[in-house]
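Scroll down for the structure; my scribbles are underneath it.
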Amino acid sequence: MRTDGQQIKGRTLLGPFNRVEGDLEVQLDTGGGRVLKAWVRAPLYRGFEQIMQGKVPDDALAITPRICGICSVSQSVAAAYALADMAGVTAPPNGQHCLNLLLACENLADHLTHFYLFFMPDFAREVYAGERWHAAAANRFTAIKGTAAREILPARAAFMHLMGTLGGHWPHTLNLQPGGVNKGVDSREKIRLLTVVQQFRRFLEATLFGDTLEAVATLDSIAALENWRESGNPAGGDFRHFLHLAHELELDKLGRATDRFMSYGAYRQVGNEGAHLFAQGVWQPDTGSVQAIPFGEIREDLHASWMGGGAEPLHPSRGMTLPDYSKAEAYSWNKAPRLAGQVVETGALARQMVDGHPLIRALVAQAGGNVQNRVVARLLELALVVPQMENWIRNIRPGERFYQPAKIPADASGAGLVEAARGSLGHWVTVRNQYILNYQIIAPTSWNFSPRDRNGAPGALEQALVNAPVRSGESEPISVQHIVRSFDPCMVCTAH
């Protein structure tokens, strides 16, 4: 992270951040060796929601994936689901298996990239040079030069061959459609797909975990995780290496936010309407239970956003994207999405909390959402999803349909809800006279990195940064970097 060292009204402005997708600035008030308040800025406006106005609905399948080059499939799936909602179609089993495989490939590649290339290099920084573990961490995780980078990049590239077989290319594949996929899979390709996923499994088991995926997936308590951490050589698997670093630095005490977690549900299940591999819902900390998401109570608050509109927050189906850089109280291009007026966190940790994975529930019960637990949940999903990918491939039936034709009415509204790697992604579309009247998107980082709302409530990251320690003489606090990257921000998806 580079810092300009600017002092604005007694506040330190940090940014832009490196190893973050897009532009991000964080403004901090500090005192007594702690962060007292934080303001998170998305300083780049992009305007995709305005681009979509006046287009024919099918154009969404070509335009919205270009919001981002690292999660374009997630945008494609959300757009396809929104059009399918308007057309009233459901993908046939083969089509849903392929949609799940494409989405899972991108999500897991993102998890792997985040861990090795975005998050772990911070432990190789000179600020930790006096720690006994620093030499090993620097040798393994130094950006570009570390031994991990030489291993992860070929493994990731080989895994992404799945995209070529299923989608033709990546990013911005046009294979995803409202009624499934328009490229089928024959028997030879089915074997090739299974080979790719099984090779990826072997890499994860040998390098990341030093154990089988099933052994990691079934860790069901804090004691089990600690026993597993101590049962092998810390250098024998990068997950163990991380757990030892997290223990040394007490990362479970860093970066706690709302502890209110939301998931739209990940990977639709075939033959069970409305079911997902990872369940849909919102975890409420005050009740300690999962509740149904009140989708009608999602609102976008514009108070601190450089956006014009009415004073009342609107549901995204009625939302507006009207830039207004003159607003004196605003400080971000990001809107402030709220669920029934509440700040929520979304991402892998949220998915596993809502789904009820026993290890994640135990970790959050002990110390809430924090830096350590976000990374653990992300890596846990690698162990959980790869076996499901193998099952989806085995269940493909060459020769059967992969696509259901879809006809979108001249006047309709629809929503496409999906779980991207970073969390809950929604597209809301209104069509009038065969053209798009309104298109609104709330991305995962829009939820997590939102500015304050009209009631003064900070967003999830703004809350997570409060009380972060600041070492003497630090101009770019290492704790802030760990917290920011634990959310795996994608700023280009955030401000449309």
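The number of residues in region 76-98 being assigned to a loop (DSSP other than H, G, I, E, B) and surrounded by fewer than 23 Cβ atoms within 10 Å (Cβ to Cβ) comes to 4.
For the criterion of being out of contact with any helix residue (DSSP H, G or I) (no Cβ under 7 Å at 6 or more places or on another chain), β-branched (Val, Ile, Thr), part of a loop (DSSP other than H, G, I, E, B) and surrounded by fewer than 16 Cβ atoms within 10 Å (Cβ to Cβ), ILE191 fails. Cβ-Cβ contacts under 9 Å between residues 6 or more apart (or on different chains), taken from a first residue in region 261-273 that is touching a residue at least 12 places away in the same chain (Cβ under 8 Å) to a second residue that is basic (Lys, Arg) and surrounded by 21 or more Cβ atoms within 10 Å (Cβ to Cβ), are listed as PHE261/ARG351; SER263/ARG351; GLY265/ARG351; ALA266/ARG351. GLU214: surrounded by 14 or more Cβ atoms within 10 Å (Cβ to Cβ) and of a type in the set (Asp, Glu), yes or no? No, not satisfied. Within region 99-155, the set of residues being among the aromatic types (Phe, Trp, Tyr) and either under 28 Å from GLN198 (Cα atoms) or buried (at least 20 other Cβ atoms within 10 Å of the Cβ) (or both) comprises PHE115, TYR116, PHE118, PHE119, PHE123, PHE141.
Restricted to region 271-284, and to residues there that are touching a helix residue (DSSP H, G or I) at 6+ places or on another chain (Cβ under 9 Å) and in a loop (DSSP other than H, G, I, E, B), the residue that is farthest from ALA420 (Cα to Cα) is GLY271. Contact map, region 445-468: first residue within 22 Å of GLY31 (Cβ to Cβ), second residue among the charged types (D, E, K, R) and modelled with pLDDT of 95 or more, Cβ cut-off under 6 Å, separation 6 or more or different chains; pairs are PRO458/ARG452.
Residue count for region 56-90 under the criterion of being among the polar types (S, T, N, Q) and within 18 Å of GLY265 (Cα to Cα): the result is 4. Would region 481-489 turn up any residue that is closer than 24 Å to LEU108 by Cβ, basic (Lys, Arg), touching a helix residue (DSSP H, G or I) at 6+ places or on another chain (Cβ under 7 Å) and part of a helix (DSSP H, G or I)? Among the residues of region 481-489, at least one is closer than 24 Å to LEU108 by Cβ, basic (Lys, Arg), touching a helix residue (DSSP H, G or I) at 6+ places or on another chain (Cβ under 7 Å) and part of a helix (DSSP H, G or I), which makes the answer yes. Considering only residues in region 326-350 that are of a type in the set (S, T, N, Q) and either touching a residue at least 40 places away in the same chain (Cβ under 8 Å) or closer than 12 Å to ILE298 by Cα (or both), the one that is surrounded by the fewest Cβ atoms within 10 Å (Cβ to Cβ) turns out to be GLN342.
Within region 208-230, being β-branched (Val, Ile, Thr) and either in a helix (DSSP H, G or I) or more than 24 Å from the chain's Cα centre (by Cα) (or both) holds for THR212, VAL216, ILE222.
State whether the residues of region 198-207 include one that is within 23 Å of the chain's Cα centre (by Cα) and either crowded, with 21+ Cβ neighbours inside 10 Å or among the small types (Gly, Ala, Ser) (or both). Yes, that holds for at least one residue. Considering region 161-188, the residues that are modelled with pLDDT of 95 or more and surrounded by fewer than 17 Cβ atoms within 10 Å (Cβ to Cβ) include one that is nearest to TYR81 (Cα to Cα), namely ASP186. Take the conditions (1) under 30 Å from ARG401 (Cα atoms); (2) modelled with pLDDT of 95 or more; (3) touching a His at 6+ places or on another chain (Cβ under 8 Å); (4) not acidic (Asp, Glu); ARG140 misses just one of them, which is (1).
Of the residues GLY54, GLY47, the single one that is closer than 30 Å to GLY414 by Cβ, modelled with pLDDT of 80 or more, under 23 Å from the mean Cα position of the chain (by Cα) and surrounded by fewer than 16 Cβ atoms within 10 Å (Cβ to Cβ) is GLY47.
The values are calculated or read from the model by the stated rules, or taken from the named source; none is laboratory data. Predicted, not measured: the structure shown is a model, and the values here were computed from it. For neighbour counting, all protein chains shown are included, and Cβ atoms are generated from backbone atoms with ideal geometry for every residue, glycine included.
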